[in-house]
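Novice: There's a structure below that I have some questions on.
The values are calculated or read from the model by the stated rules, or taken from the named source; none is laboratory data. Here the structure is a predicted model, which means the values were calculated and not measured. Neighbour counts run over all protein chains shown; Cβ positions are idealised from the backbone, glycine included.
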Amino acid sequence: MTEGGTAAGRISFLLSLRAVREFREDPVPQGVIDDVLEVARLSGSASNKQPWELVVIRDRTTLRALAGVEGYADHLAGATLGIVPVMSGGRVEQEAYDEGRLCERIMLAARAHGVGSSIGWFVGGGVPAVKELLGVPQERRVRSAVSLGYPKEGGRRGRGPARKPLSEIVHEERYGR
Ligand SMILES: Cc1cc2nc3c(=O)[nH]c(=O)nc-3n(C[C@H](O)[C@H](O)[C@H](O)COP(=O)(O)O)c2cc1C
């Protein structure tokens, strides 16, 4: 593989992905959004079902409304745009996995352009509220959104602790070693 500079540079890019929840106001160019959507479109999925559609939201009023429903996606309120994956509503386990991959790819493609992002989940009454706001049919599954925008300097970052060391999570040959 030779695309995109050295292996060290590409690894460093992957290591640099962090959740960004506060954004500047400058718009994200359509070319960037097109790249993000293309990378999302090419995501792998269980049995290659590609069980997703994507709602791209730029309207500030809608973003604020989505940020206000039950869940953990309040960062949508200040995002330049949001992408809500609408999953087909089929096999739950496979689709959850597929949706995670999709969102990670959206975040990485955005990051390649210097655009920050964060996942936000909708829960409880937030889910039907999102469907209502976006006109999503009842039988489809909505679980998350990705907020996107250029990162605000000094903005709120990572809510969790630092990552666990490899020594805590990697086992050689058999679990427990
Ligand atoms: C499945 C999943 C669900 C998440 N849900 C939310 C969420 O609802 N709201 C939010 O602000 N961040 C959410 N996040 C982002 C995590 O909080 C974030 O990845 C984690 O805290 C590590 O942050 P960092 O990448 O900045 O280090 C979610 C991430 C994943 C993978």
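Novice: Output the residue which, of all residues in the range 84-112 that are away from the ligand (no atom under 13 Å from the Cβ) and in contact with a helix residue (DSSP H, G or I) (Cβ under 6 Å, 6 or more places away or on another chain), is nearest to G149 (Cα to Cα).
Specialist: A110
Novice: On to the next question. Quick check on this structure: which one of A73, A79, A162 is in contact (Cβ under 8 Å) with a residue 60 or more places away in the chain and farther than 19 Å from D26 by Cα? Explain how you work it out, then say what you get.
Specialist: Details: A79 fails: farther than 19 Å from D26 by Cα; A162 fails: in contact (Cβ under 8 Å) with a residue 60 or more places away in the chain.
Just one listed residue meets the conditions, A73.
Novice: Quick test for you: out of E70, E38, E53, pick the one residue that is among the charged types (D, E, K, R) and either under 20 Å from G124 (Cβ atoms) or at pLDDT below 95 (or both).
Specialist: Details: E38 fails: either under 20 Å from G124 (Cβ atoms) or at pLDDT below 95 (or both); E53 fails: either under 20 Å from G124 (Cβ atoms) or at pLDDT below 95 (or both).
Answer to the selection: E70.
Novice: To continue, here is another question. Please count how many residues of the range 42-75 are over 17 Å from G135 (Cβ atoms) and assigned to a helix (DSSP H, G or I). Spell out how you get there, then give the answer.
Specialist: Our first condition is that a residue be over 17 Å from G135 (Cβ atoms); within the range 42-75, this holds for 42-51, 60, 64, 67-68, 70-75.
Narrowing further to those that are assigned to a helix (DSSP H, G or I): 46-48, 60, 64, 67, 74-75.
Summing the residues that are over 17 Å from G135 (Cβ atoms) and assigned to a helix (DSSP H, G or I) in the range 42-75 gives 8.
Novice: Now for a separate question. Counting just the residues of the range 113-130 that are crowded, with 19+ Cβ neighbours inside 10 Å and either over 15 Å from L14 (Cβ atoms) or without any contact (Cβ under 8 Å) to a residue 60 or more places away in the chain (or both), which one comes out farthest from the ligand (Cβ to nearest atom)?
Specialist: The initial filter retains those residues of the range 113-130 that are crowded, with 19+ Cβ neighbours inside 10 Å, namely 115-120, 122, 126, 130.
So of that shortlist, the ones also either over 15 Å from L14 (Cβ atoms) or without any contact (Cβ under 8 Å) to a residue 60 or more places away in the chain (or both) come out as 115-116, 118-120, 122, 126, 130.
On the way: V115: 15, G116: 10, S118: 5, I119: 4, G120: 4, F122: 8, G126: 10, V130: 13 Å.
My answer is V115.
Novice: Further question on the same structure: Restricting to the range 8-41, give me the number of residues that are away from the ligand (no atom under 16 Å from the Cβ) and within 23 Å of D98 (Cβ to Cβ).
Specialist: Number satisfying all stated conditions: 8.
Novice: Those residues that are of a type outside the set (A, V, I, L, M) and under 23 Å from D59 (Cα atoms), I need them from the range 70-98; list them, please.
Specialist: Looking only at the range 70-98, we keep the residues that are of a type outside the set (A, V, I, L, M), and these are 70-72, 74-75, 78, 80, 82, 85, 88-91, 93-95, 97-98.
Selection gives E70, G71, Y72, D74, H75, G78, T80, G82, P85.
Novice: So, in the range 10-33, how many residues would count as being surrounded by fewer than 11 Cβ atoms within 10 Å (Cβ to Cβ) and closer than 15 Å to M107 by Cα? Explain how you work it out, then say what you get.
Specialist: Taking the range 10-33 as the starting set, the residues that turn out to be surrounded by fewer than 11 Cβ atoms within 10 Å (Cβ to Cβ) are 11, 14-16, 25-26, 30-31.
Filter again for closer than 15 Å to M107 by Cα, leaving 14-16.
Matching residues across the range 10-33 total 3.
Novice: A follow-up question, please. Among the residues of the range 2-41, count how many are assigned to a loop (DSSP other than H, G, I, E, B) and either in contact (Cβ under 8 Å) with a residue 24 or more places away in the chain or at positive phi (or both). Even if it seems obvious, please write down each step before you answer.
Specialist: Residues of the range 2-41 that are assigned to a loop (DSSP other than H, G, I, E, B), as a first pass: 2-6, 16-18, 20-22, 24-29.
Okay, now just the ones that are also either in contact (Cβ under 8 Å) with a residue 24 or more places away in the chain or at positive phi (or both), so 4-5, 16-18, 20-22, 24-28.
Total satisfying the criteria: 13.
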